[in-house]
Amino acid sequence: MPLVNMRDMLDHAYRNGYAVGGFDLVSLDFLEAIIGAAEKTRSPVILSLAESHFEYYDFELAMAAAEHAAKRAAVPVAIHLDHGASYESAVQAINTGCNGVMVDASQLAFPANVSATQKVVNMAHACGVPVEGELGYVAGVEGEDAEKHPGDVIYTSVEEARAYVERTKVDFLAVSIGTVHGRMRGRPKLDFDRLKRINEAVKIPLVIHGGTGLSDEQFHKLITNGVAKINYYTALADAAASAMRKNMANDTKGGYTHMIHGVRDAIRSEVERCMINWGSAGRAAEVLARCQSWQPVQHVIIYNVDNISNDHVETVMNRGQAVLSKIPGVRRVITGTAVQENSKYKFCWLIEFVYKTVIESYRDHIDHVTFANELFRPIASNRISIDFMQSTASPNTEHLQHDIRASA
Ligand code: 13P
């Protein structure tokens with residue numbers, strides 16, 4: 001159950017002076033290690049899936065696993081699309097279960113970045129999903145030597161940051177103040193003065209990309225100046241690879257399971273170290289108590305038709321499936337026919353929305369309005385509908401209640 005609203009999660013971190021890790025995962029080993037570390041340290045956590053990594057795994061399969069892991073976790077979790085490359089990727093991520101999305105239009109000029117980001121924000125907010133935008137440019141590539149992809153770091157300008165946040169209404173801002181993605185030689189020099197001024201200008205949770213390679217002291221200074229989310233990947237990939245290299249050296253003929261032995265533990269211990277250092281450890285109970293849970297809504301319609309052939313009803317259902325399932329915030333569209341012949345109602349729609357906000361945005365969406373007015377309502381005057389949320393037993397939070405008492 002502890003999938004929580006990511007805006008609430010990061011607002012809590014921002015107000016209370018700590019940062020939540022956005023850890024990119026590329027396999028089940030990463031997923032289990034990240035959740036394991038969060039549970040061990042009682043930390044809120046963001047499972048992050050970067051679009052640039054989609055060539056290494058199947059996004060839909062990884063999302064199914066991430067969502068299942070989040071729901072059964074004993075700590076609050078959010079699932080985030082990292083470096084979303086387009087409006088379409090953001091819609092796909094939301095409809096597949098992400099409850100936070102990043103739109104990365106940072107390579108564009110300021111006006112184009114603003115308009116690309118605005119478009120995603122309008123869509124995502126209509127689904128209740130918060131958006132991270134990036135201004136300035138953090139060079140490098142995750143998991144590789146930063147020096148191989150030097151690019152030109154473009155520092156975030158304070159004045160542009162103010163205008164960007166005002167115009168786009170992003171919920172979190174990724175800033176460029178000297179970090180780079182990937183492995184670095186030596187310590188980067190960070191522009192803390194710039195960060196402080198950006199924080200004073202925008203007053204929303206700030207995000208740092210390229211967390212690998214920073215010192216504990218640098219992390220503390222980042223957090224003191226408004227950073228509430230830290231993206232982290234390369235150090236986890238390196239910890240995993242070094243465990244694998246050791247296994248290979250011990251037995252050059254070992255198979256796959258031999259090679260990945262200990263990988264999960266290596267990743268987990270690095271994630272734990274971050275959670276303790278960034279101050280998110282021990283915060284799970286407060287976050288769970290103060291954040292709205294992230295729950296889908298089921299939109300159900302049962303109906304009868306008058307003097308219409310079953311074939312015609314089926315055509316309408318198929319059309320509905322095709323059109324409605326593409327509306328932002330719709331996770332799935334199921335249509336069906338009653339099993340019992342004497343059922344009071346014969347046909348049914350079950351449409352799952354990612355969050356309660358979608359009840360309204362779906363109702364008003366042009367594709368829904370057109371379909372409903374032109375195809376569905378004319379044949380189904382006799383219908384009833386309900387939007388409902390699954391009732392849930394209270395999660396097992398005994399251990400977290402203990403943490404709340406301890407922190408009070
Ligand atoms: P590192 O790979 O440098 O930790 O950066 C990760 C990141 O910023 C993902 O968006």
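List of remarks:
- Extreme residue, farthest from Gly143 (Cα to Cα), among residues of the range 184-212 that are under 24 Å from the mean Cα position of the chain (by Cα) and within 13 Å of the ligand (Cβ to nearest atom): Val207
- For the range 61-86, a residue qualifies if it is within 16 Å of the ligand (Cβ to nearest atom), among the aliphatic types (A, V, I, L, M) and touching a residue at least 60 places away in the same chain (Cβ under 8 Å), and the qualifying residues are Ala78, Ile79.
- Only one of the listed residues (Val287, Val316, Val271) is in contact (Cβ under 8 Å) with a residue 12 or more places away in the chain, under 30 Å from Thr370 (Cβ atoms) and either of a type in the set (Gly, Ala, Ser) or crowded, with 18+ Cβ neighbours inside 10 Å (or both). That residue is Val316.
- Helices (runs of 4 or more DSSP H) contained entirely in the range 286-392, each with at least 2 residues that are closer than 29 Å to Val77 by Cβ: 358-364
- Filtered residues of the range 213-236 (kept if surrounded by fewer than 23 Cβ atoms within 10 Å (Cβ to Cβ), under 22 Å from the mean Cα position of the chain (by Cα) and near the ligand (Cβ under 9 Å from one of its atoms)): Ala235
- Test result for Ala174, in contact with a His (Cβ under 6 Å, 6 or more places away or on another chain) and either more than 25 Å from Ala78 (Cβ to Cβ) or in contact (Cβ under 8 Å) with a residue 12 or more places away in the chain (or both): yes
- Scanning the range 173-217 for residues that are charged (D, E, K, R) and touching a strand residue (DSSP E or B) at 6+ places or on another chain (Cβ under 9 Å) gives Arg183, Arg185, Arg194.
- Qualifying residues in the range 87-104 (those that are more than 11 Å from the chain's Cα centre (by Cα) and either aliphatic (A, V, I, L, M) or within 15 Å of the ligand (Cβ to nearest atom) (or both)) - the one surrounded by the most Cβ atoms within 10 Å (Cβ to Cβ): Val103
- Within the range 239-260, the residues that satisfy the criterion of being within 16 Å of the ligand (Cβ to nearest atom) and surrounded by fewer than 16 Cβ atoms within 10 Å (Cβ to Cβ) are Ala241, Ser242.
- When the range 139-169 is limited to residues that are in a helix (DSSP H, G or I) and at pLDDT below 95, the one that is farthest from Gly186 (Cα to Cα) turns out to be Lys148.
- Leading residue by the ranking (modelled with the highest pLDDT) among those in the range 298-311 that are surrounded by 13 or more Cβ atoms within 10 Å (Cβ to Cβ) and out of contact with any Ser or Thr (no Cβ under 9 Å at 6 or more places or on another chain): Gln298
- In the range 228-239, the residues that are of a type outside the set (Gly, Ala, Ser) reach residues that are more than 9 Å from the ligand (Cβ to nearest atom) and assigned to a helix (DSSP H, G or I) with C-beta atoms within less than 6 angstrom, at least six apart or across chains, in these pairs: Lys229/Leu10; Leu236/Ile267; Leu236/Glu270.
The values are calculated or read from the model by the stated rules, or taken from the named source; none is laboratory data. These numbers were taken from a predicted model, which means no experiment stands behind them. Virtual Cβ from ideal backbone geometry, glycine too; neighbours counted across all protein chains shown.
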